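A short worksheet on the structure shown next.
The values are calculated or read from the model by the stated rules, or taken from the named source; none is laboratory data. The model shown is predicted, which means the values in this text are computed figures rather than measured ones. When we count neighbours, we look across all protein chains shown, and the Cβ atoms used for this are built from the backbone with ideal geometry, even at glycine.
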Amino acid sequence: MVDSSTPLGLSGTHSQLPFDPPLAAPAPELHEVGPVIGMALDTFPEIGSDHAIDGVAMSTFNPISGQAHLMYVSENLANLVGRPPADLLGRSPELLLSPRTPMQQLSAVAAVVESGQQAIVNLWLQHAEGHEVPVRASFLLVPSLPRQAPHFLALYRCLTPPAVEAARLSDQSDILDSLARGNELDEVIRQVADRISDQIPQAECWVGLADRAGTFELALAGKQPPETVLNVCRYLTESGPISTPRCVRFDDFPSPLSDELKQSGVHAVWSYPFAGSDRALKGLLIVAQGERSEPDPDENQMLVQLSRVVAVAVDRNAAEATLAHQALHDALTQLPNRALILDRLEQAVARLGRDKSCLAALLVDLNRFKALNDSRGAEVGDQVLLEVSRRLRGSVRLGDTVGRIGGDQFLVLCVAVNGEADAVAMAERIVSGLAEPIVLPDGDQLGVTASVGVVLIDRPGLSPSTIISNAESALGKAAETGGGSFALYEEAWQQKTVIRHEVEQALHVAISEEELLLHYQPIVEIATGRMVGSEALIRWDRPGHGVLPPADFIEIAEETGLIVPVGDWVIDEVCRQLAAWPVGPIGVAPFISVNLSARQLAEESLVSTVLAAMDRHGTRAKQLAFEVTESMRVEDIQTASVSLRKLAALGCKVAIDDFGIGYATLDYLRRFSMADTIKIDRSFVNGLGASREDTAIVTASIALASSLGLSVVAEGVETEAQYDALAELRCKFAQGYVLSPPVALEEAHHLWFVSRLIHR
Ligand code: C2E
Ligand code: MG
Ligand code: MG
């Protein structure tokens, strides 16, 4: 209930207007009031400038009794209310007003006026003959008066029917303006509700919004319990025509709704349904009326218009929601798109750490989807994607999110994951869910498999892009094992990935910056102890990192293809050095052995590269040896053997490096039949004498080589005992630390002059 005692002397219930006796002080004369009005008009010039004044009243306010009394009523005001001024003087100003003047409005006015400002409101004066006179009233605190008690001035301007309409239209244009400015639906509804309670006494506005299925959701329920308003909406749409306004008295509602309405002081409900641009019912604008069963025609017209305003706002709101949905969802599957799922990922990561649970991000990639799309057409491709998204949604738990982040890639976010086992179980579920054949509408069955990269996140801090790139690494691992599998990302990879990336970048410029160099490790004839040649072993003098061994960069060079230019450089450099190699004491020319990687051997241009380098530097073929390792992909063996055969035909030596390790040893001997040398891997040489197996392998390898007419180089000879054992086994050549480690060019030249590197 509103405070009943206000400076305007307006008590809470109009039915019990206070008729207090006049104050002891005599009412001021007109000549006293005139200057006051003048001062008021000076203070608030807009009152006088815009509006003709149709009536003036002044009241005193007794702060002790809390009552107000009219002390001056202008002649024209007395005419407006159809009473002589004498009837009014000394009585409460409420006597001037229609009982349907809203209390809230008057309290608000009182508060404004008390603060020394002007308040303007539309209200109704009550004519003695019963009819109401719409007026626009300005209330203000009288600036100063000879007497001490506060005085209030009320200036009334009649609102003729066109003026009433204009006021209404101006109110409505405020709302339309708000609509045009794109204010939120809630804000527009609130303005509409304010307008209704301003214009219609004893009225409260409710708004129920209907979804496509006709289910109501509350937008505004005023002071009512939401459930009551929803029940009213449901009853109104179920019990009668839904597209036209209707008025229902409280006692026409079924019990207990009728009782609830009665208890809340609702006499009748005026319902204005509104439809959207698609003509479907969008909701109800409801006026809960305290006393009247039906609105007057003006009110009805206003309510029809206001309900249309709400309809427009609802339509616009829905259009905005659709746009927002489209911006964040994939058009085909309706799943969250990349932007949205990454946003959800970021939020989920930020929430981590509150309990012990983790988050799992599963990157799902369909295997060979592009081929399927190309061969069967985009329509079939779309059907597959739809089915996959359906299955993914079906395999996650409540609270998890599935998004489509690329053509055939989906991201599944699983919250509340209890560690690795849980994430693995989810990945297994996804993989097996997708393994089932997809049945197309024409009955055709398609087998689609997926690889899944899983990242487990247990603490906040990681950015979505890092998580995605980790998931991509895991996906790569999963894809290596073929379709229909998953891999869990391991943190240690990250460090490796960063290093690899840096190495790759730096290696790109290593050749042009002349950072690569070769060391040479002598190869010695065991029987004489003399150096007969050397193996060129690459080094990288990487700025800031010192001289790096091949183990630090060859693998990366192979994976990135950089090994081809790097290898070409080695070939050229070796040819150049051979041409400049000094003649040694025994007058023979040494050979240099070059390691070739599988990737180089797979290049058809290898032979022409070698020929061009030989030509450039005038190198003789018999001084060149090429080493191939066993670790070569079977597919590449064909090209490799063609190249090696050509090189052998030119007169170059061909050696099978690291012989004995790997599983295809004997097969390689057959395939690389052009080879003239095997280099026994140092892991076997190492165990020579000490390990029975190693000794046996070395012995057998030498015997095998000799029966095939191949030379043998024992690699990694570290002790004289090993050297002696090899001599005893009639191994022809040796290479290893006991003779010399790989050395720089000048040192290699020096060793070439020394010639005998071991004396037995
Ligand atoms: P590899 O061809 O088997 O070369 C022999 C490796 O054994 C060399 O390692 C050498 O320093 C090392 N070694 C030699 N004697 C001993 C010894 O007595 N004990 C021990 N523990 N090790 C010994 P490095 O120079 O680190 O080269 C490693 C591998 O890198 C080479 O193995 C070769 O496969 C590859 N590589 C080196 N240079 C090139 C190149 O120019 N191109 C290609 N594609 N690969 C190269
Ligand atoms: Mg080698
Ligand atoms: Mg080797």
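Conditions tested, residue by residue: (1) assigned by TED's automatic domain parsing to the domain that holds ALA557; (2) of a type in the set (A, V, I, L, M, F, W, C); (3) in a strand (DSSP E or B).
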position	(1), (2), (3)
GLU428	no, no, no
GLY433	no, no, no
ILE467	no, yes, no
ASN470	no, no, no
VAL498	no, yes, no
TYR520	yes, no, yes
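For segment 677-712, residues that are surrounded by fewer than 13 Cβ atoms within 10 Å (Cβ to Cβ), in a loop (DSSP other than H, G, I, E, B) and more than 16 Å from ligand 1 (Cβ to nearest atom) total 1.
Scan segment 648-664 for residues that are within 21 Å of ILE523 (Cβ to Cβ) and either within 16 Å of ligand 3 (Cβ to nearest atom) or out of contact with any strand residue (DSSP E or B) (no Cβ under 9 Å at 6 or more places or on another chain) (or both) and the total you get is 9.
Could you say whether any residue in segment 571-582 is under 48 Å from the mean Cα position of the chain (by Cα), under 26 Å from GLN505 (Cβ atoms) and assigned by TED's automatic domain parsing to the domain that holds SER683?
Within segment 571-582, not a single residue is under 48 Å from the mean Cα position of the chain (by Cα), under 26 Å from GLN505 (Cβ atoms) and assigned by TED's automatic domain parsing to the domain that holds SER683.
Listed by position, the strands (runs of 3 or more DSSP E) inside segment 309-426 whose residues that are without any contact (Cβ under 8 Å) to a residue 60 or more places away in the chain and assigned by TED's automatic domain parsing to the domain that holds LEU456 number at least 1 are 409-417.
Residue count for segment 261-284 under the criterion of being among the aliphatic types (A, V, I, L, M) and either within 15 Å of ASN317 (Cβ to Cβ) or free of Cβ contacts under 8 Å to residues at least 12 places away in the same chain (or both): the result is 2. Just so you know, in segment 722-742 the residues that are within 24 Å of ARG539 (Cα to Cα) and touching a Leu at 6+ places or on another chain (Cβ under 7 Å) include one that is nearest to ligand 1 (Cβ to nearest atom), and it is PRO742.
For segment 283-299, the count of residues that are charged (D, E, K, R), outside any helix (DSSP H, G or I) and under 47 Å from the mean Cα position of the chain (by Cα) is zero. Only one of the numbered conditions (1) assigned to a loop (DSSP other than H, G, I, E, B); (2) more than 30 Å from VAL133 (Cβ to Cβ) is not met by CYS233, and that is (1). Only a single criterion out of (1) within 14 Å of ligand 1 (Cβ to nearest atom); (2) farther than 29 Å from ALA648 by Cα; (3) acidic (Asp, Glu) is not satisfied by GLU715, namely (2).
State whether the residues of segment 602-615 include one that is within 16 Å of ligand 2 (Cβ to nearest atom) and either at pLDDT below 95 or in a helix (DSSP H, G or I) (or both).
Among the residues of segment 602-615, not one is within 16 Å of ligand 2 (Cβ to nearest atom) and either at pLDDT below 95 or in a helix (DSSP H, G or I) (or both), which makes the answer no.
Can you give me the number of residues within segment 550-570 that are more than 16 Å from ligand 2 (Cβ to nearest atom) and not hydrophobic (A, V, I, L, M, F, W, C)? Result for segment 550-570: 6. Among the residues making up segment 640-656, those that are part of a helix (DSSP H, G or I) and more than 16 Å from ligand 1 (Cβ to nearest atom) are SER641, VAL642, ARG645, LYS646, ALA648, ALA649, LEU650.
When VAL192, VAL232 are screened for being at pLDDT 90 or above, closer than 15 Å to PHE274 by Cα and not assigned by TED's automatic domain parsing to the domain that holds VAL81, only VAL192 passes.
Residues in segment 484-493 that are part of a loop (DSSP other than H, G, I, E, B) and either more than 19 Å from ALA423 (Cα to Cα) or among the aliphatic types (A, V, I, L, M) (or both): there are none. Quick one: which residue in VAL754, VAL743 is surrounded by fewer than 18 Cβ atoms within 10 Å (Cβ to Cβ), touching a residue at least 40 places away in the same chain (Cβ under 8 Å) and within 16 Å of ligand 2 (Cβ to nearest atom)? It is VAL743.
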